[in-house]
Amino acid sequence: MKQFKSEPIEMDYIIAEEIGSGQFATVRRCIERSSGKEFAAKFVRKKRIIGSRRGLLLEDIEREVNILKKLNHDNIVKLFNVYDNGNEVILILELVKGGELFDYLAGKEGLEETQAIAFIKQILLGLDHMHSKNIVHLDLKPENIMLLDKETQRLKLIDFGLSRVVNTGSDIREILGTPEFVAPEIINYEPITLATDLWSVGVITYNLLSGASPFLGDTKQETFANITAVDYFFDSTHFSDLAQHFISNLLVKDGRKRLTVDQCLQHDWIKQNDSYLLSETVIQLANNYQPQLINIKARNRWKLAYEVIKTCTRLARPAGQEENHHESINSLVNSFPNDFYNEKQV
Ligand code: ATP
């Protein structure tokens, strides 16, 4: 059955500069001729000779494509089209312009806790969508997490080349992933489950907060030994008590005892940021309306400013006393004057 488009990709897209590369793929910016829109074209080399180390088996490429087709979430890169030119399969993906989280972190000695939480929460939301479909990523690391752009701090998970669908009953045991981020079950050749990704979330969280890698040894063997012994430590300058609780409940050898995505999203370390994120959202909301605000009647401007301040104050209340955030946003938006959105500039 013909799975991918066989006409030359150049008929539909202008292929521009290289923007990234991996072991078997080169990624280039491209522009759709019909719409002028930009995308990322991932050229994945096919294996020509059985046993060759250059290129991927068609079935492995098809697995990545089929998994991407099942996913539709704000924090996961979207797939739009697939071509096959004989030597390569070309995936037309959403263009993610802000660079890898890895580069963003490079040179930083850890992030502010609120920023780390905002990043981890988005990773968890993407994972929640995948795990609800029994898809496990298996290669979560800062190189495979990208920033949508430099301004907003929105993240997208990329590279589903190692991803698998895990079904109860089937037993996947494979050696894959990047040493620093792999879970003990991968090293021990034990069954892979959704929990395998949660281990990597623990490692990434440690990474984001401290700039260091919890299990990294001088050699791959040493790294693997540290992982299987769950041998790491926290220094108190980088990790709050809540952060330590979050991470230590993910870096658990027995996958069944690790936090699930749901439990992570409900964890106090993640939830403490909600009011911070919301007040950011509210401020952004107000900023976004600034051009319209410049000329509207002073009465409306004053009322909006008052509501923003009131809502931020409400959200800044200590944990436990804050109100439902969606309600707060809704009530803020509803409190805008009725003619606010339509009002003509004067
Ligand atoms: P690996 O060898 O790690 O398995 P790969 O060959 O599967 O990698 P990707 O990781 O998917 O390739 O892509 C390689 C690099 O290209 C990424 O690290 C990223 O920098 C860039 N890249 C990938 N997808 C996109 C995208 N949608 N938008 C922008 N850049 C991208």
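Throughout, read-outs are computed from the coordinates displayed, never taken from laboratory work. Not measured: the values here are computed from a predicted model. In this analysis, Cβ positions are derived from the backbone assuming ideal geometry, glycine residues included, and neighbour counts consider all displayed protein chains.
Sorted on the mean count of surrounding Cβ atoms within 10 Å across their residues, most packed first, peptides 114-124, 148-158, 3-13 read 114-124, 148-158, 3-13. The reciprocal of the average 1/r between distinct C-alpha atoms defines the Kirkwood hydrodynamic radius, which for the stretch 9-93 equals 13.5 Å. Longer than 27 Å from Cα to Cα, which of Lys69/Lys271; Lys70/Lys253; Lys121/Lys220; Lys150/Lys253; Lys69/Lys257; Lys42/Lys141 are they? Say none if no pair is. Cα-Cα > 27 Å for Lys69/Lys271; Lys70/Lys253; Lys121/Lys220; Lys150/Lys253; Lys69/Lys257; rest within. Cross-link partners for Lys37 among the aspartates and glutamates, with Cα-Cα distance under 19 Å and sequence neighbours closer than 8 places in the same chain left out: Glu10, Asp12, Glu17, Glu18, Asp74, Glu94, Asp149.
About its Cα centre, the dipole of the stretch 9-93 is roughly 280 debye, where the only charges are +1 on Lys and Arg Cβ and -1 on Asp and Glu Cβ.
Normalised by the number of residues in the stretch 9-93, the mean separation of alpha-carbon contacts (under 8 Å, six or more apart) gives a relative contact order of 24 percent. Working note: Cα gyration tensor of the stretch 32-159, eigenvalues times five, square-rooted, sorted largest first, giving semi-axes of 28, 17, 16 Å.
Applying the Kirkwood pairwise sum to the alpha-carbon positions of the stretch 89-196 produces a hydrodynamic radius of 15.2 angstrom.
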